[in-house]
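Chemist: What follows is a single structure, and I will ask about it in a moment.
The values are calculated or read from the model by the stated rules, or taken from the named source; none is laboratory data. Since the model is a prediction, treat every value here as computed from it, not as a measurement. Note that we place each Cβ from the backbone using ideal geometry, even for glycine, and neighbour counts take in every protein chain shown. Ligands, DNA and RNA are excluded from the accessible area calculation, which covers all protein heavy atoms including side chains. Shrake-Rupley method; radii C 1.70, N 1.55, O 1.52, S 1.80 Å.
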Amino acid sequence: MTELFVFTLLASLVAVYGILPKHRQLRVGYGLMSHLPILILSAFAVVIISTYVGGLLLQPQNKDSLGTVSARSISLELTQVSIDLIQLVAVLGIVTIFVSLFAKGSVRIRNEEVLLSKLRHLYNREEYGALVDVIRENHTPLINHPEKPQDPERRRIFEVMNEALDLDEDEAQERYMQTLRETGAIPTPENEDSESLEGEDDDSKGPESANENEDTEELENLVSRLHKWAKSIGQVLLDQVGSQISATKYRANGAAGKLRNKWESWRRRADYRVSQLRYAFAETAEQANEYTESLLLDPEFGAKYPILDPGLGIDVIKDDSIEGIDRRQIVHRFLKTLLKTENSLLYREVKKLGNHSASRRYSIESENRLMHALFSNCNRAEDLDVYKPIGDKAEEIILKQSNKQEDGYNGRGFTSSTSDNADRFNDPLFVAISYFDIMLKEALHQRMTWHFWLFYYESITKHICRNFKITSQSESDRTYPNDYSLLLFEMVDNMTRWLDAVEKMRVDDEHDIISGDGSDGKYMDFIKLESIDADRTRNNIPKATVICLISCHRHIVTTDEIPRQFKEYITEEVFTKAAELRTHDEGSLLWQYSELFVRCIEYEHERRASGDEYRQALNSAFTRDLQADLRHQGSGGQDFASEIGDILWTEPE
């Protein structure tokens, strides 16, 4: 009976293995195929076979025992019961090992060669689903690989290379040689003298000294070539191998300096040994890590995994400790793939947020996995340049439309009366525009000081205006004559809402993100206006928004193909927002932003090659009805309307 139960357990284990997902089955190869697990499993197998044979020997001879086994003070009589118990323990040991292997979220990689071969096998057979699962469950070390300790003395040599950029070749060579002597790479002058004296007593050392001199000369030549190479590749590459440090760090200034240098050298070596020990016990797979990076950057696999399991890309975004792979490039390829694939996770989350968005800020909960990973920490978004892949892909889509015989965006696809508002969230350009809206609102709330390159709205507007046409599929008498017009309005509307957010950042605001007193409050530094001009260098979000908004307005009103009615609609949207800001106390932050509107319009009018064209188009779009509406807003609206009127009557330079 015991044998039946034992072999039933083993058969069940084999049956369970057969129904496991592919990536779990593969664990047997890279999780067990090493010396210790194989030794343990072999020992259990030997015990099972031995006990089975022992049981067979007892049965026909009707013996009660095969004898007694003794080890030190422990003795065990080999009866049928004890044999069955030993066999059962061995089987349970095997079952426990395999159950633990299959049930854990991840297992330690014990055989990197097997893992690497499995990754290649899955890729070559295009089993991308299993490949993604293997990579995800082995995030460490396949993606986030522990950093290999670097010899501190070798690092010092590379650091000196940085410093050599400001030295001539002779000085650099002397510095290199000095450092190499300190690190023991070549003999010091004192050692050379002692060796030469010993050579006089022992002629057998002459050839060795000569060889050392030849080696030193070759090293000097190598250092000379190294310096020329360092000069040629420039600062950017050298920054990656060390930070610039003072030459005095490597020179001993008297006895105290020598003692300090020795102490620092000992401390660096001790830290290095500790790091080596940690690395030895860490889970590592250097070759598999390099292969995984090549997979994530591979065009074929990169086009598949964001759709099969976007969690892999999200893992890369969220893990800020990743250093060994090109994380930025991987994230860019991931986001581009999501944007060009309809109904991807990006589309679904943008649609979900768009249907529940507030006027100030989107509610990005952890359930929105992608958006939460991207924007829960906008410093991460800035480091990864997450605006770039979406902006670049949007531009690429518009440029491809211009090469088509018929541009579908000049029709009324998601702007027709029969179209549901949700249809627009199936369009890549609308999703890209909404993505920037989510990003910029979140960046404002997190008090980011940089504009996150919202000027992509400007380039998208420019490309749309070049493609814009009224065709048989358009309806010029409608508010939105075609799909392009809705996209233009969305960008303008989003930018005015960003300024709404700034306008409401007062001390009495429920979010209370500012401090101070007065009717307009005292705003924090991240939204202060340093200068009232159209300079684009390192602007905060509100200033960049005004500059971009006026530039977009110029592109729209100077495009002949866009109907006059739509130009007037956009002009009303822009100027109404500027006039609202003008109603605040003169000299306050919001009043300054209204003044920035005027300065930017003036800049577009006077400094652009198309200034006269803009003046004429603006004169047409700035209707009497709009002027009257602005003046009805009070003195602020009157002032703004008057200043715009002065610009219109001024000839551009």
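Chemist: Give the range 131-140 a look and list any residue that's crowded, with 20+ Cβ neighbours inside 10 Å and not in a loop (DSSP other than H, G, I, E, B), or say none.
Modeler: Leu131, Val132, Asp133, Val134, Ile135
Chemist: Select from the range 98-130 the residues that are open to solvent by 50 Å² or more (accessible area, probe 1.4 Å) and among the aliphatic types (A, V, I, L, M) and list them in ascending order.
Modeler: Val99, Ala103 - these are the residues of the range 98-130 that are open to solvent by 50 Å² or more (accessible area, probe 1.4 Å) and among the aliphatic types (A, V, I, L, M).
Chemist: May I pose another question? Tell me which of these Phe334 doesn't satisfy, since it passes every other one: (1) under 25 Å from Glu127 (Cβ atoms); (2) out of contact with any Pro (no Cβ under 9 Å at 6 or more places or on another chain).
Modeler: (2)
Chemist: While we're here: Go through the range 1-21 and report how many residues are open to solvent by 40 Å² or more (accessible area, probe 1.4 Å) and in contact (Cβ under 8 Å) with a residue 24 or more places away in the chain.
Modeler: Residues meeting the conditions: 6.
Chemist: Across the range 313-333, what is the total count of residues that are open to solvent by less than 40 Å² (accessible area, probe 1.4 Å) and farther than 19 Å from Thr140 by Cβ? Full working, then the answer.
Modeler: As a first pass, look at the range 313-333 and keep what is open to solvent by less than 40 Å² (accessible area, probe 1.4 Å): 313-317, 319, 322, 325, 327, 330-332.
This time we only want the ones that are farther than 19 Å from Thr140 by Cβ, so: 332.
The qualifying residues number 1.
Chemist: I'd like the residue in the range 548-571 that is within 20 Å of Leu590 (Cβ to Cβ) and free of Cβ contacts under 8 Å to residues at least 60 places away in the same chain and, out of all such residues, is surrounded by the fewest Cβ atoms within 10 Å (Cβ to Cβ).
Modeler: Step by step, filter the range 548-571, then rank; the result is Ile550.
Chemist: Need a quick list: helices (runs of 4 or more DSSP H) entirely within the range 349-465 having at least 2 residues that are open to solvent by 50 Å² or more (accessible area, probe 1.4 Å).
Modeler: 369-375, 378-384, 387-402
Chemist: While we're here: Do you know which of the residues in the range 22-44 that are open to solvent by 40 Å² or more (accessible area, probe 1.4 Å) and aliphatic (A, V, I, L, M) is farthest from the chain's Cα centre (by Cα)?
Modeler: If we take residues in the range 22-44 being open to solvent by 40 Å² or more (accessible area, probe 1.4 Å) and aliphatic (A, V, I, L, M), then Ala43 is farthest from the chain's Cα centre (by Cα).
Chemist: Among the residues of the range 300-312, are any open to solvent by less than 30 Å² (accessible area, probe 1.4 Å), hydrophobic (A, V, I, L, M, F, W, C) and in a helix (DSSP H, G or I)?
Modeler: Taking every residue of the range 300-312 in turn, at least one turns out to be open to solvent by less than 30 Å² (accessible area, probe 1.4 Å), hydrophobic (A, V, I, L, M, F, W, C) and in a helix (DSSP H, G or I).
Chemist: So, one more: I'd like to check something: does the range 409-431 contain any residue that is in contact with a Ser or Thr (Cβ under 6 Å, 6 or more places away or on another chain) and either in contact (Cβ under 8 Å) with a residue 24 or more places away in the chain or under 20 Å from Tyr347 (Cα atoms) (or both)? Talk me through it step by step, then tell me what you get.
Modeler: Narrowing the range 409-431 to residues in contact with a Ser or Thr (Cβ under 6 Å, 6 or more places away or on another chain): 410.
Imposing the further condition that a residue be either in contact (Cβ under 8 Å) with a residue 24 or more places away in the chain or under 20 Å from Tyr347 (Cα atoms) (or both) reduces the set to 410.
Yes, the conditions are met somewhere in the range 409-431.
Chemist: Of the conditions (1) at pLDDT below 95; (2) under 25 Å from Pro299 (Cβ atoms), Thr96 fails just one. Which one is it?
Modeler: (2)
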